[in-house]
Every structure is written in C-alpha cells, then in structure tokens.
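The values are calculated or read from the model by the stated rules, or taken from the named source; none is laboratory data. Because the structure is a prediction, the values reported are computed rather than measured. Neighbour counts are summed over all protein chains in view; Cβ atoms, including those assigned to glycine, are modelled from backbone coordinates with ideal geometry.
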Amino acid sequence: MKVISFIALCFFSFYSVAQHSMVLNSGDKIEGVVLGLENDEWTIFTAGKEKKVHMKEVSSVFFKEYVPYDGTFVPDAEEKTLEVDGFTVKYQVKDRTMIKKPTVSIGTEDHGAVVVNITVDRYGNIRSAEPGASGSTTSSNYLYVKAQRAAKTARFDENLKGPLITEGTITIVY
C-alpha cells in the first residue's frame, strides 16, 4: 500500500505544482513549491531559488495546498542562445520557448549588449519590454530603442495553464 501511495504521489507531482514540506533523511525540513520530479531528482522552489534534491535523500513529502508559479523572474532559469541575422540573442523565461525570433537590425557602428526586461502573457505575446536592465554593456539610447523594438517582435509558446504574466529577459548583442 505504501508503494502505491508513493507512486501516486510521484505521478501527481508531475502534473501539479503544490506548496509542500519535504522531510529529508537527515531530519531537515524544506518548505517550498514542487516544480517537478525528473530522473530521480526533485526540483523545489524555496527561498527564491530552485533547488535540486535527489530522491534518495527524501524521507517524505507533505502537500498542503495548490500554489501556482506566479510568473516572477527566476534568474536561475536556463538561458538559451540563438543566432538572428548575424546577431547573438539570448533569452531567459522560465518554462517558455521562443517560437518566433525577434527581428534584429542596426544602422550604426555602436556595439554592446542590451538586456531587455520583458513580460510574456499566456498566449506568448510580449506585453512589455524595458531595455537597459542589469547586464547591459552599453548606454546607447539608439541601441536601447532598437533592442526594445526587436524584443517586442519575438513570440513565445502558449502556456494556458501558467501564470497570466511571466517575466524574463532578452539580451541582444550588437
């Protein structure tokens, strides 16, 4: 019976995100939000960061209530890089994939990287784009405007069960 309960717990953890307490074999307790279980490794969001915990280290998991991912920017999310018309474009948006690359152009000799803070709705549309975020290597107003316009032309995959707005960044290296 315990084995069946544990299998059911693992199965449902793939399909739901729940606020929970994870008790480790050491007796330590981790409070957070389960993000998934993959390859015998739990991913838990706790203290503002994702943490990986191997299944062998876990004694039990107690689910409390459903708490969805709120869409805030998670800097530890995987950064993806692509080439667009000879420019390097990087993006970091949790649980989202870019399905339409931004239209990047330049009409100056200025160079540098512009980090654009973006918000993406459930349908994959860019709702806001603010250039000049931390990590930018230029203060060129021209490049800021070009990067903002380029970021607004990108599109991400739909996530109809996700948060209304998801935050992230797009970096364009000119």
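Checking each residue in segment 135-163 for being assigned to a helix (DSSP H, G or I) and either surrounded by 14 or more Cβ atoms within 10 Å (Cβ to Cβ) or among the aromatic types (F, W, Y) (or both) picks out Y142, L143, Y144, K146, A147, Q148, R149, A150, A151, K152.
When we screen V116, V104 for residues that are assigned to a strand (DSSP E or B) and among the hydrophobic types (A, V, I, L, M, F, W, C), the only hit is V116.
Yes/no per residue for (1) touching a strand residue (DSSP E or B) at 6+ places or on another chain (Cβ under 7 Å); (2) more than 25 Å from N159 (Cβ to Cβ):
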position: E57; (1), (2): yes, yes
position: F63; (1), (2): yes, no
position: D70; (1), (2): no, no
position: V74; (1), (2): yes, no
position: K80; (1), (2): yes, no
position: V84; (1), (2): no, no
position: T108; (1), (2): no, yes
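Determine if segment 62-82 includes at least one residue that is surrounded by fewer than 17 Cβ atoms within 10 Å (Cβ to Cβ), free of Cβ contacts under 8 Å to residues at least 40 places away in the same chain and of a type in the set (V, I, T). Checking segment 62-82: at least one residue is surrounded by fewer than 17 Cβ atoms within 10 Å (Cβ to Cβ), free of Cβ contacts under 8 Å to residues at least 40 places away in the same chain and of a type in the set (V, I, T). Select, from E38, E50, the only residue that is within 19 Å of A77 (Cα to Cα), exposed (fewer than 15 other Cβ atoms within 10 Å of the Cβ) and at pLDDT below 90. When all the criteria are applied, what remains is E38.
Among the residues of segment 50-85, the ones that are more than 11 Å from the chain's Cα centre (by Cα) and either more than 21 Å from T169 (Cβ to Cβ) or part of a strand (DSSP E or B) (or both) come to 22 in all.
If only residues of segment 96-116 that are over 11 Å from I172 (Cβ atoms) and crowded, with 18+ Cβ neighbours inside 10 Å are counted, the one that is nearest to the chain's Cα centre (by Cα) is R96.
Here I170 clears all of (1) under 30 Å from T43 (Cα atoms); (2) among the β-branched types (V, I, T); (3) surrounded by fewer than 18 Cβ atoms within 10 Å (Cβ to Cβ) except the condition numbered (3).
Filtering segment 29-75 to residues that are under 30 Å from A150 (Cβ atoms) and in contact with a Lys or Arg (Cβ under 6 Å, 6 or more places away or on another chain) leaves only V74.
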